[in-house]
Amino acid sequence: MSGLVVDQEKCVGCGLCVRTCTSGGIEVTDRLARVTDGCVSCGMCVDGCPTGALSIQKEAAGTDLASYTDVWVFAQQEAGTIVPVAFELLAKGREVAEARGCRLVAVLGEGTDAPDDNDALLVAAGADLVIRCRDARLADNDAEVYARWIEDLVKERRPEVILYGATPFGRELAPNVAVRLRTGLTADCTVLDVDRERGLLQQTRPAFGGNLMATIVCPDHRPQMSTVRPGVFSAADPDPTHEGTTVDVALDADVTSRIRVLERIPAGSDASITDADTLVVVGRGIGSKKALPLMRELADLLGGKLGCTRPLVEAGWLDASCQVGQTGVSVAPKLLVSVGVSGAIQHLAGIGGAERIVAINTDPSAAIFGMAQYAVVGDANQVVGELVKRLR
């Protein structure tokens, strides 16, 4: 049994633990501390106990780690089409699989009317094996149905790593699977690497509001699972000569959906900036909302879209769908023109996938210049005005 444990011989019923606990997880009755259902095993009361009567007991993992192998990528599909982040994860997954000396596996669930070549696309993207299930119950992205399917697959095939795209569906599915398998999950990773000595997946993500980068490992449980935002990694060019196999599996007959789709409303063509090859991202350095038409014209002349930093969204200058960064979207355009952006770590976490960055800022020591291939020190509006004149 794991959780908070009270040593009755040491407990004096002082009640300090009750005052320390913020979740109502402990109480004192008959001069003895007792754990309640509200305990979340945070350990705050343990640190504050003057007699050392409290401790957190961890359940032994009981997992044969050596029996787990292969890196899995969940290949999410929308209306039969594989979403781009799946190909980005296959590129990163290939690096992880080679470091671990194992196979890269794509996990594909789709409806019976999906295109027949989705598995071939995944193989060309680097998958050594595609585990495919074609079932009408998988046509709609129902997290409960998919979680049950993946749970059964994991228990049978025992992968050591599973990567998910941090799409709305991926963010719903991954924790559902983690709870079922009683394993860890690191959300919104920006860096994935392998500890060569211990063979652990190193999962790095912004923490404490983006003020530092935390590297998280899952040493005692399998599979190790991460979600990654679209645009953080770059997809590899398809290789039609890459060889891979497809294995068709079945979804258990007793799995049923409790959701009925009444209507589908497609998102507008301008709803996302993540697919833009060229992006102009503006920050507070543009001065005022009156500068936005000039910035939008630059984006139009470059054949791209307009994005922004969080302060502009909070000021109501642009919609939240335009926000780039840790609390917005991650982007990976071929060209990113950063205008009046200082380069806070929360923002930099969202532009790491850009191939070329041109940064314009009046401050020569701005953090954005550390990521830019081309740095222009000058007034944002004047520089962009000159660019627009030349592009016209």
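Below, the figures for the structure above:
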item	result
Options Ser338, Ser257: the member that is touching a helix residue (DSSP H, G or I) at 6+ places or on another chain (Cβ under 6 Å), small (Gly, Ala, Ser) and part of a strand (DSSP E or B)	Ser338
Region 304-326, residues that are assigned to a loop (DSSP other than H, G, I, E, B), small (Gly, Ala, Ser) and open to solvent by less than 40 Å² (accessible area, probe 1.4 Å)	Gly304, Gly325
Residue in region 57-70 that is in contact with a strand residue (DSSP E or B) (Cβ under 8 Å, 6 or more places away or on another chain) and of a type in the set (Val, Ile, Thr) present	no
Count - residues of region 197-244 that are on the phi < 0 side of the Ramachandran plot, in a loop (DSSP other than H, G, I, E, B) and not charged (D, E, K, R)	18
Count - residues of region 76-117 that are touching a Lys or Arg at 6+ places or on another chain (Cβ under 9 Å) and either among the small types (Gly, Ala, Ser) or modelled with pLDDT of 95 or more (or both)	11
Only listed residue being open to solvent by less than 80 Å² (accessible area, probe 1.4 Å), at pLDDT 90 or above and of a type in the set (A, V, I, L, M, F, W, C), chosen from Ala214, Ala250, Ala187, Ala276	Ala187
Conditions (1) without any contact (Cβ under 8 Å) to a residue 12 or more places away in the chain; (2) more than 24 Å from the chain's Cα centre (by Cα): number failed by Arg284	(1)
Count - residues of region 126-150 that are more than 27 Å from Leu262 (Cα to Cα) and open to solvent by less than 20 Å² (accessible area, probe 1.4 Å)	5
Condition check for Glu110: buried (at least 17 other Cβ atoms within 10 Å of the Cβ) and within 13 Å of Ala75 (Cα to Cα)	yes
Pro333 being part of a helix (DSSP H, G or I), within 27 Å of Pro364 (Cβ to Cβ) and either under 24 Å from the mean Cα position of the chain (by Cα) or free of Cβ contacts under 8 Å to residues at least 24 places away in the same chain (or both)	no
Matching strands (runs of 3 or more DSSP E) fully within region 69-184 where at least 2 residues are over 25 Å from Val232 (Cβ atoms)	129-134
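The values are calculated or read from the model by the stated rules, or taken from the named source; none is laboratory data. Worth saying up front: this structure is predicted, and the values here are computed from it rather than measured. All Cβ positions, even for glycine, are placed from backbone atoms using ideal geometry, and neighbour counts span all protein chains on display. In case anyone asks, the SASA skips ligands and DNA or RNA and just uses the protein heavy atoms, side chains included. Shrake-Rupley method; radii C 1.70, N 1.55, O 1.52, S 1.80 Å.
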